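What follows is a set of notes on a single structure, which appears directly below.
Every number in this text was worked out from the coordinates using simple rules, so none of it is lab data. Worth saying up front: this structure is predicted, and the values here are computed from it rather than measured. Note that we place each Cβ from the backbone using ideal geometry, even for glycine, and neighbour counts take in every protein chain shown.
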Amino acid sequence: MCPIRLYQHKSVQIFKDSCTPSPFRDELFKDDPDIKDDHIHLDSSIVGWGCCCLQVTFQGESFKETIHLYDQLLPLCPIMLCLSAACPIWRGYLSDIDCRWNVLSEATDDRTAEEKKQKNFLSRYGLAPLYLADKNKYLNNIDYPVDQYVITKLIDQGMPETLSRHFGHLFIRDPLVIMKELLHLNDDTTSYHFENINSQVWNSLRLKPPPLNDKSIGWRVEFRPMDIQIGDFENAALVVFVALLTRVIITYNLDLTIPISQINENMNIAHHRNSVCREKFYFRYDTNTSQMFMNEIINGNKDFIGLVPLVRQYIDEREDMDANTRHTVEQYLLLISKRADGTLLTNASWIRKFILSHPSYKQDSVISEEIQYDLIWKMVQIANVHENCPQIEELKMHTHTKLHLK
């Protein structure tokens, strides 16, 4: 076993309110010289592993279609992270970020000191580093380390060069866990040894080959960046939106690809406080790439129709839905659309607003036990549909499916 070290100096920037000490020093570690000023110290990998997330897996019709889906979903990772932002609190303090991804990546970083010195040798929990199709290899403009032996062997066996680099990068890692009784297996009948590496590198996307022992399962893409939401309706809206986007991508042969470096920049921007309304993201439409607000990406502008209108167009042209299903899907699309234009708040923005307006909050970035209790109680009431919260979900937003009617 190769354990992830439990104690590492990881931190997240504090939200500076009017009464927050300046410089802010984390009380538990104020005498530690390695702790950054104005940062919340995260002293254990459990802080990262304790994060909840929303993941969804799509199976392509073929290997070629799955690779195409992977490459087109890659630029959507920061877009969906931004729309799902739900993590502004860390260790009882209000932070200056809205999402979990970078914190989780740092908290679960098992690189040695030597590995950290290597250029672009990243945490095993991080961004998907490469496009997989040969036609998109020119967009792989960051030189990540690879195992050249693996690449050469795969190319010799007929694998495309760009895809072989994906596996060559994957196999620079050691497995975290090895079971003694599973050391000597027949690799012609089981993919256990491969999955022991593939499943322990947690990128924003994961390519999942078919298992050798189940012919009913094909090539799949796991979409992993989204934060979990307070309510089932919001989670369903995000999942259905991404699922419909995959159909739009395939049906209209949509090309959303941009350079990997711009995706990485978008991912960092998505963490910014209220980035859904305040920040611009690199985004491609037709053959052009520009920086656009989330509202423009989702709802469109004079040059680009927008992702939600594209989904509606696809449904009108290609899907034969009954009235109840169509109503349900439209409510999901409305939630996405109104988050993007600022009418509805992300979970992170709503949590911030709840804390800042709580009568016990002292404008010092500290979230007391009383505030935490009230916040969690409120979230439980919303999640169990005992209480409405029109700031994150309008009262009229509900499904007309059999599941809801039960």
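Listed values, structure above:
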| item | result |
| --- | --- |
| Within straight-line cross-link reach of K135, aspartates and glutamates at Cα separation under 16 Å, skipping those fewer than 8 residues along the same chain | E65, D71, E161, D255 |
| Listed pairs K30/K353; K10/K116; K64/K137; K64/K215; K280/K338; K10/K117 exceeding 22 Å between Cα atoms | K30/K353 |
| Percent RCO, i.e. relative contact order, over the range 112-196, from Cα pairs under 8 Å lying at least 6 residues apart | 24 percent |
| Among 25-32, 317-324, the order from most to least packed when residues are scored by Cβ within 10 Å on average | 25-32, 317-324 |
| For peptides 72-82, 89-99, 136-146, sequence by mean Cβ density within 10 Å, most packed first | 72-82, 89-99, 136-146 |
| Gain on full stretching of the segment that runs from Y252 to Q313 - 0.36 nm per residue minus C-alpha separation | 20.9 nm |
| Label corresponding to Cα extents along the principal axes in Å when calculated from the structure given, among (1) 66, 61, 44; (2) 101, 50, 47; (3) 65, 57, 38 | (1) |
| Whichever aspartates and glutamates have a C-alpha closer than 17 Å to that of K378, once near sequence neighbours (fewer than 8 apart) are set aside | D232, E234, E369, E370, E387, E393, E394 |
| Two-site FRET efficiency, Y373 against S290, from Cβ-Cβ distance with R₀ of 56 Å, rounded to 0.05 | 0.80 |
| Centroid-to-centroid separation of the range 29-93 and the range 193-239 [C-alpha atoms, Å] | 14 Å |
| The range 192-225 residues near the modelled L183 label - backbone nitrogen below 18 Å, point 7 Å along Cα→Cβ | 192-194, 196-197 |
| Length added when fully stretched, Y149-K135, from 0.36 nm per residue minus Cα-Cα | 2.7 nm |
| Protection-proxy order for peptides 283-290, 243-250, each taking the mean of Cβ atoms within 10 Å per residue, highest first | 243-250, 283-290 |
| Virtual spin-label span in nm between Q59 and E394, 7 Å along Cα→Cβ | 3.7 nm |
| Segment E27-K119, length gained on full extension (0.36 nm per residue, minus Cα span) | 29.7 nm |
| The range 326-406, relative contact order [Cα under 8 Å, separation at least 6], % | 41 percent |
